[in-house]
Amino acid sequence: MRRLFPVTYETPAQASGGGERGAAGADREWSLAELAAAYAYPAKRPWLRGNMVSSLDGAAQHDGHSQPISSATDMRIFGTLRALADVVVVGAETVRQEGYRPARARADFAAARKAAGQGPAPAIAVVTASLDLDFSLPLFASPLVPTLILTGAAAAHEKVAAAEKAGARVVVAGEGMGVDPERAVRALAGLGHHRLLTEGGPRLLGQLIAAEVLDELCLTLSPTLTAGDAQRVAGGPSVAVPRRFELVSLLEEDGFLFGRYRRP
């Protein structure tokens, strides 16, 4: 990462609740510790944060992947948000499209995670009704911490057995085939996961928005245009009344805007 410029001229300390206002320290590379302070979870628990990237014309991906509209700094923030989380919640389709791998332990965050009572890396929690997943993938076969599968009570027993045989922990969070978002949040909190992060995809994020369980959205606005028919960051049925979120902080680098919005 080269340089991040707070558009509102907040220092990293101010973004986390302290420090002096001004542009001092903005014109330089931010350390990982400063990024972690700027994106620290609030005291309220559990707290579900989303992290997505969008092109200028509203695309959440290009050719099925988010990487083409991302940047090195976006990925650095992506890694920081993961390092702060207890669990990363992701939809099964995103796991298949993006080739999800287990979260890794990062030495830069080891001491902070230990001090916060966290394990070496966040667990990955896959939301799926069908359990149509390749359980031979590293996400299930060799994670640092066991991968969780959130599904409904009516999920096929043979698929549940296959998931458990692969080493995944199956968590029931719905009465039928699908997952109830509110129940999923409660179930994860019951396992000790209070700092929740979702990386989508758009369908899952739309479900979380509709269920009113999303507390925060970290949105990267990429200075790119894609056209085409790619999904937006959130999909599914629209809500009856648009949800208004408050801007917490806004950073800029090379035309990329990194916004952080919270539910009032």
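The values are calculated or read from the model by the stated rules, or taken from the named source; none is laboratory data. From a predicted model like this one, the values you see are computed outputs, not experimental measurements. All Cβ positions, glycine included, derive from the backbone under ideal geometry; neighbour counts span all protein chains shown. Accessible surface areas use protein heavy atoms only, side chains included; no ligands, DNA or RNA. Shrake-Rupley method; radii C 1.70, N 1.55, O 1.52, S 1.80 Å.
Assigned to a loop (DSSP other than H, G, I, E, B), β-branched (Val, Ile, Thr), under 29 Å from Arg106 (Cα atoms) and open to solvent by less than 60 Å² (accessible area, probe 1.4 Å): is that true of Val126 in this structure? The answer is no for Val126. Of the set (1) part of a loop (DSSP other than H, G, I, E, B); (2) open to solvent by less than 60 Å² (accessible area, probe 1.4 Å); (3) farther than 19 Å from Ala85 by Cα, all apply to Leu214 but (3). Scanning segment 131-171 for residues that are under 21 Å from the mean Cα position of the chain (by Cα) and outside any loop (DSSP other than H, G, I, E, B) yields Pro138, Leu139, Phe140, Leu148, Ile149, Leu150, Thr151, Arg169, Val170, Val171.
For segment 171-187, a residue qualifies if it is free of Cβ contacts under 8 Å to residues at least 60 places away in the same chain and open to solvent by less than 30 Å² (accessible area, probe 1.4 Å), and the qualifying residues are Val171, Ala173, Gly174, Pro181, Ala187. Being small (Gly, Ala, Ser) and closer than 28 Å to Leu217 by Cβ is not true of Ala161. Does segment 187-195 contain any residue that is part of a helix (DSSP H, G or I) and more than 17 Å from the chain's Cα centre (by Cα)? Yes; the residues of segment 187-195 include at least one that is part of a helix (DSSP H, G or I) and more than 17 Å from the chain's Cα centre (by Cα). Looking across segment 113-167, the residues that are in contact with a Phe, Trp or Tyr (Cβ under 6 Å, 6 or more places away or on another chain) and touching a residue at least 40 places away in the same chain (Cβ under 8 Å) come down to Leu139, Thr147. Look at (1) assigned to a helix (DSSP H, G or I); (2) among the aromatic types (Phe, Trp, Tyr); (3) more than 25 Å from Leu250 (Cβ to Cβ) and you find that Tyr100 fails only one, number (1).
For segment 87-122, enumerate the residues that are within 22 Å of Trp47 (Cβ to Cβ) and touching a strand residue (DSSP E or B) at 6+ places or on another chain (Cβ under 7 Å). If the condition is that a residue be within 22 Å of Trp47 (Cβ to Cβ) and touching a strand residue (DSSP E or B) at 6+ places or on another chain (Cβ under 7 Å), then Val87, Val88, Val89, Val90, Gly91, Ala103, Pro122 are the ones that fit.
Return the residue satisfying two criteria in turn: it lies in segment 228-240 and is modelled with pLDDT under 90 and out of contact with any His (no Cβ under 8 Å at 6 or more places or on another chain), and of such residues it is surrounded by the most Cβ atoms within 10 Å (Cβ to Cβ). In this case the residue turns out to be Gln231.
Results for (1) farther than 21 Å from Pro102 by Cα; (2) at pLDDT below 95, shown as yes or no for each residue.
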residue	(1), (2)
Gly167	no, yes
Gly176	yes, yes
Pro181	yes, no
Ala187	no, no
Leu191	no, no
Leu197	no, no
Pro202	no, yes
Leu219	yes, no
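For segment 1-93, the helices (runs of 4 or more DSSP H) that sit wholly inside it and include 3 or more residues that are at pLDDT below 90 are 12-15. Across segment 52-109, the qualifying residues are those that are among the small types (Gly, Ala, Ser), touching a residue at least 40 places away in the same chain (Cβ under 8 Å) and within 18 Å of Leu205 (Cα to Cα), and the one among them that is surrounded by the most Cβ atoms within 10 Å (Cβ to Cβ) is Ala85.
Flag: Gly190 matches the condition of being surrounded by fewer than 18 Cβ atoms within 10 Å (Cβ to Cβ) and closer than 22 Å to Arg82 by Cα.
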